[in-house]
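Chemist: Pasting a structure here, questions to come.
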Amino acid sequence: MEDRDLIEVFAAIRDPATMRRFFREIFTRSEIADLSLRWKLMKMLKTGMPQRRIAEVLGVSLCKITRGARLIKDPSTVTNRYIGKPKSRRKHA
């Protein structure tokens, strides 16, 4: 896999400040904003907020929300393992 090296770096960084700096070094502001938006909308989906309401609140299309909705509906996803849990209770897989 071409992404193996990058994934290994992500997995090795344990300090949030270091990860934040790494993100700023390798991603553009726009890319970070896109990732943050996707995570935010998935957190909103996890709370049960309707997709149309999320689209209104965040100013995004329903198409952008659909992928996140599929992930949230599947209890076996890694996303569901980590989203919406307090940081202290997260388990590293």
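Chemist: Roughly what angle does helix 29-46 make with the longest principal axis of the chain, taking Cα atoms, 0 to 90 degrees, to the nearest 10?
Modeler: That helix lies at roughly 50 degrees to the long axis.
Chemist: Segment 10-70: which trypsin sites (Lys or Arg not before Pro) are DSSP loop and have at most 13 other beta-carbon atoms within 10 angstrom? All intermediate terms of the calculation are to be shown ahead of the outcome.
Modeler: Numbers: sites: Arg14, Arg20, Arg21, Arg24, Arg29, Arg38, Lys40, Lys43, Lys46, Arg52, Arg53, Lys64, Arg67, Arg70; in loops: Arg14.
Sites meeting the loop and neighbour criteria: Arg14.
Chemist: Taking 0.36 nm per intervening residue step and subtracting the Cα-Cα distance, what contour gain separates Ser36 from Ala11 on full extension? All intermediate terms of the calculation are to be shown ahead of the outcome.
Modeler: Numbers: separation 25, 0.36 × 25 = 9.00 nm, distance 1.84 nm.
Gain in length upon complete extension: 7.2 nm.
Chemist: Please compute the contact order of segment 4-89 in relative form: average sequence separation of alpha-carbon pairs under 8 Å and at least six residues apart, divided by the residue count, as a percent.
Modeler: Numbers: 39 pairs, mean separation 18.1, N = 86.
That works out to 21 percent.
Chemist: Among Ile83, Ile54, Ile13, which comes first, then next, by fewest other beta-carbon atoms within 10 Å?
Modeler: Ile13, Ile83, Ile54
Chemist: In whole Hz, with x marking every Gly and Pro, tabulate ³J(HN,Hα) for segment 49-59 from phi via Karplus 6.51 cos²θ - 1.76 cosθ + 1.60, θ = phi - 60°.
Modeler: 5, x, 4, 5, 5, 4, 4, 5, 5, 8, x
Throughout, read-outs are computed from the coordinates displayed, never taken from laboratory work. Note that the structure is predicted; figures quoted are calculated from it, not measured. A quick note on method: Cβ atoms are made from the backbone with ideal geometry, for glycine too, and the neighbour counts reach across all protein chains shown.
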